[in-house]
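The values are calculated or read from the model by the stated rules, or taken from the named source; none is laboratory data. Quantities reported herein were computed from a predicted structural model and do not represent experimental measurements. Areas reflect the complete protein model, heavy atoms only, side chains present, ligands, DNA and RNA absent. Shrake-Rupley method; radii C 1.70, N 1.55, O 1.52, S 1.80 Å.
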Amino acid sequence: MILLYIPIIFLVVYSFNGGTIMSGWGGFSFVHYQELFADTRLLKILLDTFILAISSATIAAFIGTVGALFLDSLQNKKTLNTFLSLNNVLLVSPDVTIGVSFLILFTILGFSLGFVSVLISHIAFSIPIVLLMVLPRLREMDNTLVMAARDLGAKRGTILSQIVIPEIWPSIMAGFLLALTYSLDDFAVTFFVTGNGFSTLSVEIYSRARQGVSLEINALSALMFAVSLLLVFAYYLYTTYTDKKARLTK
């Protein structure tokens, strides 16, 4: 934990450095934050990155949840284990392999690289994450509620919307937030499938780092770290609230 947090703290502190390099302290200043907000290209890329992350995480959360419901309904254990094995292979596959695979696929199909190609790729590698979060919750769910609803004449859609989805909603949100984080952080897959007209924050930082890292990047990274902390805190409050509500209901 110390090895992870010391560089982050160092990065955040030097985002307020009045100097131009990280090897010396030039006094406390917001100059690099001013440069950041004046850099319209970087702000546009930041906005595009968040739009991409939210879009891919939302679609992946929906498809992953549908996939988890499908796998939970399977009666054949061999078929179920086959699907789970294929899902786990995608989780442990190197990002470079996935990126190259998508690049080859888009090239064969003659698909132009840009926002859509990156979106499809991010959805694809996020779905296994969501499925892995939602499926265990489905297995832990009390099926007597579903059986009681069926006995009372509830239709499948009603059972799904009134019982199943509310029960697994915390896991869906957890999968969504993880998919959001993976999309924001991804570099390897995005690097292969992005085109000249579209870029994400990680690819842009990599491009600029080859010319020397500006402390403007420190300021941007500090803001991104602050957003990450807010997301973690919001998820903590949400899970605390849902757990408390579940205990009161029981």
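Among Leu132, Leu119, Leu43, the largest mean-square fluctuation in a Gaussian network model of the chain (Cα springs under 10 Å) belongs to Leu43.
With θ taken as phi - 60° and the Karplus curve 6.51 cos²θ - 1.76 cosθ + 1.60 applied, the whole-hertz 3J(HN,Hα) list for the stretch 78-93 is 5, 5, 4, 5, 5, 4, 5, 5, 4, 5, 5, 4, 5, 5, 9, 5 Hz, x standing for glycine and proline.
A probe of 1.4 angstrom, applied to the heavy atoms of all protein chains, finds Glu167 with accessible area near 70 square angstrom. Using only Cα atoms, find the angle between the long axis of helix 215-249 and the longest principal axis of the chain, and express it within 0 to 90 degrees, rounded to the nearest 10. The angle comes out at about 20 degrees. Shape of the stretch 117-157 from the C-alpha gyration tensor: oblate (a/c of 1.5 or more and a/b not above b/c, with a ≥ b ≥ c the square roots of its eigenvalues).
For the residues Met224, Met1, Met133, a 1.4 Å probe over the protein chains yields an accessible-area ranking, largest first, of Met1, Met133, Met224. Per-residue SASA remark: Trp169, around 110 Å² accessible (1.4 Å probe; ligands, DNA and RNA not included).
The Rg/Rh ratio of the stretch 1-109, with both radii computed over alpha carbons and Rh defined as the Kirkwood radius, is 1.17. Within the set (1) 81, 41, 26; (2) 72, 52, 31; (3) 53, 39, 37, the number that Cα extents along the principal axes in Å takes when calculated for this structure is listed as (2).
Return the carbon/sulfur percentage of the accessible area of the chain, one whole number, probe 1.4 Å, all protein chains in place.
Ligands and nucleic acids excluded, carbon and sulfur reach 68 percent.
Computed from backbone phi, the HN-Hα couplings of the stretch 186-195 come to 4, 10, 4, 5, 4, 4, 7, 10, 8, x Hz, rounded to whole numbers (Karplus: 6.51 cos²θ - 1.76 cosθ + 1.60, θ = phi - 60°; Gly and Pro given as x).
Please calculate how many Å² of accessible area the chain carries per residue, with a 1.4 Å probe and no DNA, RNA or ligand atoms counted.
Normalised by residue count, the accessible surface of the chain is 61 Å².
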